[in-house]
Amino acid sequence: MMSCFRALCLLIVIIQTSHADDELDGRWQLSIEGRDRLEFGSELMAGGIELGWLTVLDFTIENGFFKLGSGTAELHPEITAYSRPEKVFSCHDVEGIFASRSGQSFSTPHLRYQSFPMVGKLESGLIHLTPFLDYPGNYYAVLYECTTGNPQGAWWMENSPRIARELGKRQNALVKVKGGDFSANIKEVKTIAPGPELSLPLVDGLEFSLTEEYGLRIMRYTLKKLPAPGRTTQRSDH
């Protein structure tokens, strides 16, 4: 009798596990939408631009196991300017040439990878995703210019940091003074998500946002299970 009871319990566990796997099986998509504020200046005086980007990770779960995965990335075409304090700086993006560490040259704005492969593993309800991206990962490069006729322009250029204030960012600037006008041409290189590895619960409809230090980047994560090919949602009218 005891062996039959154990066999029944084992069968129930197998059925429950299979049912859970069935619910997870299918095509999934993780969207990571980011918005960056790139600035040249200090906490008191700064000018810069704002731009957005989107990374989408698609993967398939079959029989409870990760099967296929890939990623794509893009920069949003709209780039806006800002000034702190308002109306002190006039900034805009400019076309230029970016030279990578490998010696290749690209026009800006430039995105390193628009598509890339990805592997993963499903374990205890968590999906672990590992994109195949060479160090330092995916990044974009952009050039922009800020000018001001403000009398404090000399202080602005002197006190603007010339090194990265955050991980994954590189900034170089060429500053000029002509008459009473002050200008800076800035080259900015910054990494974007997903980074070397990403782990999160495999839950349909999962959403959360992250803000990086200084409030210069906001990211929104959205995970959803995609409908099976050929399946449509029926609508009933009353």
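Miscellaneous remarks
- Complete set of residues in the range 139-163 that are part of a loop (DSSP other than H, G, I, E, B) and of a type in the set (A, V, I, L, M, F, W, C): 163
- Per-region count, the range 127-138, residues assigned to a loop (DSSP other than H, G, I, E, B) and in contact (Cβ under 8 Å) with a residue 12 or more places away in the chain: 5
- Here 44, 10, 38, 68 are screened, and the one residue that is more than 27 Å from residue 189 (Cβ to Cβ), at pLDDT below 95 and not in a helix (DSSP H, G or I) is 68.
- Among the residues listed as 55, 72, the single one being of a type in the set (S, T, N, Q), closer than 22 Å to residue 141 by Cα and either without any contact (Cβ under 8 Å) to a residue 24 or more places away in the chain or surrounded by fewer than 16 Cβ atoms within 10 Å (Cβ to Cβ) (or both): 72
- Residue count for the range 223-238 under the criterion of being over 20 Å from residue 123 (Cα atoms) and either surrounded by 13 or more Cβ atoms within 10 Å (Cβ to Cβ) or at pLDDT 95 or above (or both): the result is 1.
- Boolean, residue 129 is among the aliphatic types (A, V, I, L, M), at pLDDT 95 or above and surrounded by 13 or more Cβ atoms within 10 Å (Cβ to Cβ): yes
- Within the range 99-126, restricting attention to residues that are over 16 Å from the mean Cα position of the chain (by Cα), outside any strand (DSSP E or B) and among the polar types (S, T, N, Q), the residue that is surrounded by the most Cβ atoms within 10 Å (Cβ to Cβ) is 108.
- Residue 87 vs. criteria in a strand (DSSP E or B), of a type in the set (Lys, Arg) and exposed (fewer than 14 other Cβ atoms within 10 Å of the Cβ): no
- Pairs meeting the criteria (first residue in the range 139-162 and under 16 Å from residue 42 (Cβ atoms), second residue at pLDDT 90 or above and among the hydroxyl-bearing types (Ser, Thr, Tyr), beta carbons under 8 Å, at least 6 apart or on different chains) are 146/90; 146/183; 148/90; 148/183; 156/148.
- Within the range 146-155, the set of residues being within 14 Å of residue 188 (Cα to Cα) and surrounded by fewer than 19 Cβ atoms within 10 Å (Cβ to Cβ) is empty.
- The range 127-165 - residue that is of a type in the set (A, V, I, L, M) and closer than 20 Å to residue 97 by Cα and, of those, farthest from the chain's Cα centre (by Cα): 143
- A residue that is basic (Lys, Arg) and at pLDDT below 95 occurs somewhere in the range 77-87.
- Tally of residues being in contact (Cβ under 8 Å) with a residue 12 or more places away in the chain and either of a type in the set (Val, Ile, Thr) or part of a loop (DSSP other than H, G, I, E, B) (or both) across the range 177-209: 15
- Taking the range 35-64 as the range and being within 23 Å of residue 88 (Cα to Cα) and of a type in the set (S, T, N, Q) as the test, only 42 passes.
The values are calculated or read from the model by the stated rules, or taken from the named source; none is laboratory data. Note that the coordinates shown come from a computational prediction; the quantities given were computed from them, not determined experimentally. Cβ: placed from backbone, ideal geometry, glycine included. Neighbour counts: every protein chain shown.
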